[in-house]
């Protein structure tokens with residue numbers, strides 16, 4: 001007798017794990033792509049939206065009717081058509097009702113359906129809804145045999161495969177979704193422009209996507225805003241079906257009495273929540289990342305009104321605007337990815353032309369299906385009317401047959417050549433229908449139906465008539481739902497404008513202090529450098545560098561491993577306490593010592609030298625590095641380190657070098673190459689030891705050094721001819737009295 005273990009073994013399939021996994025994952029991926037995330041090119045809807053509207057239609061939530069609770073709609077949808085979570089279905093319904101989310105809302109909501117601030121909608125037990133006129137237009141023709149129906153998930157109901165209505169919903173309202181391995185992002189457009197482009201495509205089927213740009217100038221967002229891309233960039237995006245659009249808020253400069261001004265934001269980019277945008281701007285002000293902006297106020301009521309106050313009236317409005325565009329969501333990039341399901345439920349990226357062409361082809365199919373279905377109904381009705389007319393022409397005989405025959409139906413069929421349906425209809429006629437007036441009405445109806453059938457047959461057989469009818473119907477839809485464009489198209493610069501960020505910083509004097517252990521701070525004002533002895537440091541620490549600077553200055557920190565880092569004067573920790581380790585701001589390894597720290601400007605030239613006597617000239621622009629990692633300036637040989645990084649005076653014409661062996665060498669500065677980075681060339685040759693110091697100077701001024709002692713006298717050696725030689729020479733002993741530490 002077989003056991004449970006034997007049954008389990010008989011149903012076990014031995015298959016490679018990777019094959020089983022890939023097969024199951026593919027089924028899941030296809031289900032997500034075709035039944036959840038991507039819209040259909042024919043009606044622009046995902047299944048959840050289509051089922052929502054279908055359920056509302058069956059509940060008779062017509063635009064002229066009363067509202068019903070959203071909970072009723074959601075319950076019907078998840079119970080009959082869409083077995084998913086009630087919250088996800090309600091969220092989809094809420095979006096269909098939001099005028100700031102959809103260009104042409106499909107649901108008319110009553111109650112709290114959320115707002116552009118980012119507040120959520122009320123629970124579905126508190127809100128009510130019904131269909132909009134556009135939704136009914138989108139579903140027009142469902143009862144006329146235009147599209148196929150399929151069973152619902154449990155087989156108890158039927159639902160349409162697609163909506164047949166003549167409304168370009170895919171492009172008019174747009175769509176977004178993430179499937180498995182693919183996504184879609186379609187911005188909303190103006191329906192008047194779409195219908196004009198479709199009409200042009202009907203007359204010129206070979207027109208390209210770029211030709212359609214004469215009608216569709218770009219996306220038209222429900223929240224307005226400004227698109228600042230070039231026409232060429234917009235056309236390329238629609239031609240390929242992929243791209244993005246730079247969308248900016250609508251901002252104007254409002255003049256005030258007394259010469260002041262402020263910025264007024266009246267429209268924000270699509271998809272941006274106003275509440276989060278204001279928080280973003282307020283955070284910039286609080287963190288002093290945009291010092292030229294003083295305040296932000298939300299004065300919105302029905303319309304958006306956000307006021308931005310500058311720090312002073314002297315601030316350049318364009319500079320403030322560009323900074324806000326760069327740092328906040330007042331400018332966003334909205335992606336275009338026209339990835340949709342075609343008529344065969346196959347996903348693919350379409351161009352604007354392909355998208356409109358597929359929609360027009362579907363509308364022709366709908367027109368033919370409607371005409372064919374109507375012809376069939378007319379034929380059925382004509383068959384009955386012909387039977388009625390025969391009965392009226394032979395009324396006495398028909399009455400006699402009915403009164404005398406046991407099987408009148410068979411006799412009538414044989415005698416008057418009627419069909420089974422005709423004979424049945426005659427037998428079911430009421431006595432009231434035997435009036436003379438009724439006979440005239442039947443003849444009149446038959447004539448009208450015959451004329452209608454003739455027109456429908458002509459329509460079915462003539463593609464030209466189909467195109468003409470479609471254009472006429474499109475014009476009717478345009479007249480009913482067309483409106484003015486909300487989003488302006490303004491061709492802006494192809495790249496972002498460069499911003500002088502130093503203009504954002506208030507210029508204030510500071511005194512920069514660096515300790516021997518790498519703690520840095522900035523005291524307000526220019527304190528006397530002679531008072532350095534009064535500064536406090538941590539135990540075991542002491543002063544390494546102290547100098548005056550401005551908050552707008554850039555500080556260059558040179559490390560002994562040849563890397564250089566840039567610090568902003570405005571970002572240094574305050575002078576109270578001991579400051580902070582500079583390694584918190586830059587990625588400087590703990591085992592690498594700091595070689596120097598000083599103010600650098602892009603236009604200056606710098607002398608770079610390593611401890612083994614190699615070096616070159618570089619520029620301030622080349623050493624500035626805004627990232628934490630800095631940049632490698634000097635490539636070092638094993639055992640060497642960066643020893644010198646000094647500003648070259650503008651009038652300097654010579655370089656003086658001295659080694660640990662106290663031999664000094666002077667050579668022409670032109671012998672040094674100017675480089676962005678590298679190992680450099682040999683400055684001085686050494687048998688033992690290395691480079692002690694190097695400096696750029698003006699030969700005519702000679703060389704000066706401090707004599708030391710309390711007198712603080714200096715000595716100047718004017719005649720430097722004995723030490724002049726070519727670069728790379730060994731040099732000769734330094735002048736008598738030169739400092740013992742070998743420092744210039």
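The values are calculated or read from the model by the stated rules, or taken from the named source; none is laboratory data. The structure displayed is predicted, hence computed values, not measured ones. Ideal geometry is used to build each Cβ from the backbone, glycine not excepted, and the neighbour counts take in all protein chains shown.
Looking at (1) within 26 Å of residue 558 (Cβ to Cβ); (2) in contact with a strand residue (DSSP E or B) (Cβ under 8 Å, 6 or more places away or on another chain), find the lone condition where residue 670 falls short.
Checking residue 670 against (1) within 26 Å of residue 558 (Cβ to Cβ); (2) in contact with a strand residue (DSSP E or B) (Cβ under 8 Å, 6 or more places away or on another chain), the one that fails is (2).
Within region 534-550, track down each residue that is within 19 Å of residue 509 (Cα to Cα) and at pLDDT below 85.
535 - this is the single residue of region 534-550 that is within 19 Å of residue 509 (Cα to Cα) and at pLDDT below 85.
Taking residue 643, is it in contact (Cβ under 8 Å) with a residue 24 or more places away in the chain, over 28 Å from residue 553 (Cβ atoms), surrounded by 15 or more Cβ atoms within 10 Å (Cβ to Cβ) and in contact with a strand residue (DSSP E or B) (Cβ under 9 Å, 6 or more places away or on another chain)? First the steps, then the outcome.
Working: in contact (Cβ under 8 Å) with a residue 24 or more places away in the chain: yes; over 28 Å from residue 553 (Cβ atoms): no; surrounded by 15 or more Cβ atoms within 10 Å (Cβ to Cβ): yes; in contact with a strand residue (DSSP E or B) (Cβ under 9 Å, 6 or more places away or on another chain): yes.
Here the answer is no, as residue 643 does not meet what is asked.
Regarding residue 29, is this residue assigned to a helix (DSSP H, G or I), in contact with a helix residue (DSSP H, G or I) (Cβ under 6 Å, 6 or more places away or on another chain) and over 23 Å from residue 111 (Cβ atoms)? Spell out the reasoning first.
Working: assigned to a helix (DSSP H, G or I): yes; in contact with a helix residue (DSSP H, G or I) (Cβ under 6 Å, 6 or more places away or on another chain): no; over 23 Å from residue 111 (Cβ atoms): yes.
Taking the combined requirement at face value, the residue does not satisfy it.
Just checking, how many residues over region 531-567 are within 20 Å of residue 595 (Cβ to Cβ) and in a strand (DSSP E or B)?
Selection size over region 531-567: 17.
May I ask you to verify whether residue 309 is at pLDDT 90 or above and either more than 27 Å from residue 103 (Cα to Cα) or buried (at least 19 other Cβ atoms within 10 Å of the Cβ) (or both)?
Numbers: at pLDDT 90 or above: yes; either more than 27 Å from residue 103 (Cα to Cα) or buried (at least 19 other Cβ atoms within 10 Å of the Cβ) (or both): yes.
Judged against the criteria, residue 309 is a match.
Kindly state which strands (runs of 3 or more DSSP E) lie completely within region 630-744 and contain at least 3 residues that are under 15 Å from residue 607 (Cβ atoms).
On the way: elements: 642-648, 654-659, 663-668, 691-697, 703-708, 713-717.
Correct list: 642-648, 654-659, 663-668, 691-697.
For residues that are crowded, with 18+ Cβ neighbours inside 10 Å and either without any contact (Cβ under 8 Å) to a residue 12 or more places away in the chain or under 12 Å from residue 678 (Cα atoms) (or both), tally how many sit in region 624-635.
2
Which pairs do you get when a residue that is on the phi < 0 side of the Ramachandran plot and touching a residue at least 24 places away in the same chain (Cβ under 8 Å), found in region 275-288, comes within reach of a residue that is surrounded by 14 or more Cβ atoms within 10 Å (Cβ to Cβ) and in a helix (DSSP H, G or I), reach meaning Cβ atoms under 8 angstrom, with the pair 6+ apart or on two chains?
So the pair list comes out as 281/324; 284/327.
For residues that are loosely packed, with under 15 Cβ neighbours inside 10 Å and either touching a residue at least 12 places away in the same chain (Cβ under 8 Å) or closer than 15 Å to residue 373 by Cα (or both), tally how many sit in region 448-459. I'd like the intermediate steps shown before the answer.
Residues of region 448-459 that are loosely packed, with under 15 Cβ neighbours inside 10 Å, as a first pass: 448, 450-452, 454-455, 457-458.
Those left that are additionally either touching a residue at least 12 places away in the same chain (Cβ under 8 Å) or closer than 15 Å to residue 373 by Cα (or both): 450, 452, 454-455, 457-458.
Looking only at that region, the number is 6.
Return a yes/no flag: does region 80-100 have any residue that is out of contact with any helix residue (DSSP H, G or I) (no Cβ under 6 Å at 6 or more places or on another chain), surrounded by fewer than 16 Cβ atoms within 10 Å (Cβ to Cβ) and more than 25 Å from residue 183 (Cα to Cα).
Within region 80-100 (the criterion being out of contact with any helix residue (DSSP H, G or I) (no Cβ under 6 Å at 6 or more places or on another chain), surrounded by fewer than 16 Cβ atoms within 10 Å (Cβ to Cβ) and more than 25 Å from residue 183 (Cα to Cα)), the answer is no, since none of the residues qualifies.
Among the residues of region 577-602, which ones are within 23 Å of residue 538 (Cα to Cα), in a loop (DSSP other than H, G, I, E, B) and without any contact (Cβ under 8 Å) to a residue 24 or more places away in the chain?
So the first thing to find is which residues in region 577-602 are within 23 Å of residue 538 (Cα to Cα), and the list is 577-598.
Cutting the leftovers down to in a loop (DSSP other than H, G, I, E, B) gives us 577-579, 585-593.
Matches in region 577-602: 590, 591.
Would you confirm whether any residue within region 156-167 is under 15 Å from residue 487 (Cβ atoms) and touching a helix residue (DSSP H, G or I) at 6+ places or on another chain (Cβ under 6 Å)?
Keep residues of region 156-167 that are under 15 Å from residue 487 (Cβ atoms), which gives none.
Within region 156-167, none of the residues are under 15 Å from residue 487 (Cβ atoms) and touching a helix residue (DSSP H, G or I) at 6+ places or on another chain (Cβ under 6 Å).
Show the residue pairs meeting these rules: Cβ distance below 8 Å; 6+ apart or different chains; first residue within region 1-26 and closer than 18 Å to residue 180 by Cα; second residue at pLDDT below 80 and in a helix (DSSP H, G or I).
none
Is it the case that region 572-581 has a residue that's in contact with a strand residue (DSSP E or B) (Cβ under 9 Å, 6 or more places away or on another chain) and crowded, with 21+ Cβ neighbours inside 10 Å?
Yes, the conditions are met somewhere in region 572-581.
Going residue by residue through region 138-148, is there one that turns out to be in contact with a helix residue (DSSP H, G or I) (Cβ under 8 Å, 6 or more places away or on another chain), at negative phi and part of a strand (DSSP E or B)?
Checked against the condition, which is being in contact with a helix residue (DSSP H, G or I) (Cβ under 8 Å, 6 or more places away or on another chain), at negative phi and part of a strand (DSSP E or B), region 138-148 yields no hits at all.
With the checklist (1) part of a helix (DSSP H, G or I); (2) surrounded by 21 or more Cβ atoms within 10 Å (Cβ to Cβ) in hand, flag the one item residue 75 doesn't pass.
Failing condition for residue 75: (2).
Go over the candidates 172, 207, 197 one by one and state the one that is closer than 20 Å to residue 52 by Cβ and either over 23 Å from the mean Cα position of the chain (by Cα) or touching a residue at least 40 places away in the same chain (Cβ under 8 Å) (or both). Before you say what the answer is, go through the steps one by one.
Numbers: 207 fails: closer than 20 Å to residue 52 by Cβ; 197 fails: closer than 20 Å to residue 52 by Cβ.
Every option except 172 fails the conditions.
Kindly provide the set of residues from region 235-274 that are without any contact (Cβ under 8 Å) to a residue 40 or more places away in the chain, touching a strand residue (DSSP E or B) at 6+ places or on another chain (Cβ under 9 Å) and not in a strand (DSSP E or B), ordered by number.
Across region 235-274, the qualifying residues are 236, 256.
May I ask you to verify whether residue 386 is over 49 Å from the mean Cα position of the chain (by Cα), modelled with pLDDT under 90, in a helix (DSSP H, G or I) and surrounded by fewer than 19 Cβ atoms within 10 Å (Cβ to Cβ)? Full working, then the answer.
Values: over 49 Å from the mean Cα position of the chain (by Cα): yes; modelled with pLDDT under 90: yes; in a helix (DSSP H, G or I): yes; surrounded by fewer than 19 Cβ atoms within 10 Å (Cβ to Cβ): yes.
Yes: the conditions hold for residue 386.
Could you pull out the residue among 696, 670, 656, 652 that is within 60 Å of the chain's Cα centre (by Cα), closer than 30 Å to residue 637 by Cβ and without any contact (Cβ under 8 Å) to a residue 40 or more places away in the chain? Step through it out loud before you land on a result.
Working: 696 fails: without any contact (Cβ under 8 Å) to a residue 40 or more places away in the chain; 656 fails: without any contact (Cβ under 8 Å) to a residue 40 or more places away in the chain; 652 fails: without any contact (Cβ under 8 Å) to a residue 40 or more places away in the chain.
The match here is 670.
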